[in-house]
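Structure first, commentary second.
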Ligand SMILES: Cc1cc2nc3c(=O)[nH]c(=O)nc-3n(C[C@H](O)[C@H](O)[C@H](O)COP(=O)(O)O)c2cc1C
């Protein structure tokens, strides 16, 4: 089998396994409580959830996160996702695009997104080992407004055919940042981030970080299912949840723009992410499921309802803007407090 075929099959398998994944991983969203206020200072129409961070300005703090491309089937999915993004105004990321450089015949599975949504905010996506000289080509392919670099060491190590070499990642990320003139977002793929990782990213000059935590799409489970033996199935709870990753990021939120994704399925989850300091919230699996099962129009309706309900919840915290939400009181469960104490102690660093 050629490398190209292998890659296309892998991409199709990822989508298939994600759609079949039913096991729920702990999200920790139920361990964060927002405080309800009964006398709002605002009307629903006053609520403004626009989000501006760095050079990015989004009308709503929600985006369709990186998923797919690289095969005929996933071209069709990207076309549908792009139509949803266009109709809702949501920014959208493509799945890992290195495949398009290795095999130009799959380029259109990515460029279809720009074709369908000429004026939308599109993000290109590459791995941390992508050769710097290919990055511009990848950005041009979709005329990207931002570039995501995924750091997925856990997935690679659990994947039988995955990478085993990682120590050049930091240098490569730094080189990419120095070469491109659009925002570069470094993201996880569902294993979450530690404060140490975030601190290293800041040292490299990264200021946009998607902590993409555990609790939703689970690549440890998917990679275990893709092979014949279940050799590493004990790793399926590895990583930090989205909530814990946000807690880990708290100290850096003044210097970095933190985005949240991983296991967000309700408007309440999304608002909790914003209250924990995220500038915007990424949705992957839930949008993929909707678009595949219910079609484009129903997914557009779903997202518009999602945003409307986020506004209602924001109002109940007596917040009007994202800035207000950031300082709204929230109460953490003893498990989360325990994590915080063990990791941060009294040191406010
Ligand atoms: C089918 C599928 C494929 C994915 N492929 C990529 C990818 O190519 N690059 C990437 O950065 N993240 C990829 N992800 C990870 C998502 O961007 C996101 O970080 C993760 O799924 C957690 O969000 P969720 O729980 O809402 O799905 C993929 C996710 C799914 C569901």
Taking the criterion of being at negative phi and crowded, with 22+ Cβ neighbours inside 10 Å, would at least one residue in segment 34-48 satisfy it? no
Which residues, taken from segment 172-187, are within 16 Å of the ligand (Cβ to nearest atom), assigned to a helix (DSSP H, G or I) and touching a strand residue (DSSP E or B) at 6+ places or on another chain (Cβ under 7 Å)? 173, 176
Which numbered condition residue 345 fails, given (1) touching a residue at least 24 places away in the same chain (Cβ under 8 Å); (2) surrounded by fewer than 22 Cβ atoms within 10 Å (Cβ to Cβ); (3) at positive phi: (1)
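Here is a yes/no grid of residues against (1) crowded, with 24+ Cβ neighbours inside 10 Å; (2) away from the ligand (no atom under 11 Å from the Cβ):
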| residue | (1), (2) |
| --- | --- |
| 212 | yes, no |
| 215 | yes, no |
| 224 | no, yes |
| 242 | yes, no |
| 248 | yes, yes |
| 257 | no, yes |
| 262 | yes, no |
| 266 | no, yes |
Members of segment 188-197 found to be closer than 25 Å to residue 95 by Cβ, in a helix (DSSP H, G or I) and touching a residue at least 60 places away in the same chain (Cβ under 8 Å), listed by number: none
When both residues are 6+ apart or on different chains and their Cβ atoms are under 8 Å apart, which pairs have a first residue that lies in segment 132-154 and is under 18 Å from residue 208 (Cα atoms), and a second that is buried (at least 16 other Cβ atoms within 10 Å of the Cβ) and at pLDDT below 95? 152/219
Could you please find all residues in segment 205-217 being farther than 19 Å from residue 64 by Cβ and within 13 Å of the chain's Cα centre (by Cα)? 214
Give the residues of segment 107-155 that are more than 27 Å from residue 201 (Cβ to Cβ), assigned to a helix (DSSP H, G or I) and away from the ligand (no atom under 13 Å from the Cβ), sorted by residue number. 108, 111, 112, 114, 115, 116
May I ask you to verify whether residue 301 is free of Cβ contacts under 8 Å to residues at least 12 places away in the same chain, away from the ligand (no atom under 16 Å from the Cβ) and surrounded by fewer than 22 Cβ atoms within 10 Å (Cβ to Cβ)? yes
Could you grab me the full set of residues in segment 156-175 that are surrounded by 21 or more Cβ atoms within 10 Å (Cβ to Cβ) and either modelled with pLDDT of 95 or more or within 21 Å of residue 201 (Cα to Cα) (or both)? 173
Working only within segment 64-113, note down all residues that are over 15 Å from residue 7 (Cβ atoms) and free of Cβ contacts under 8 Å to residues at least 12 places away in the same chain. 76
Check segment 227-239 and report whether any residue there is modelled with pLDDT of 95 or more and either touching a helix residue (DSSP H, G or I) at 6+ places or on another chain (Cβ under 7 Å) or closer than 21 Å to residue 336 by Cβ (or both). yes
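The values are calculated or read from the model by the stated rules, or taken from the named source; none is laboratory data. Predicted model, so just to flag it, every value in this text is computed and none were measured. Using ideal geometry, Cβ is built from the backbone for each residue, glycine included, and neighbour counts are taken over all protein chains shown.
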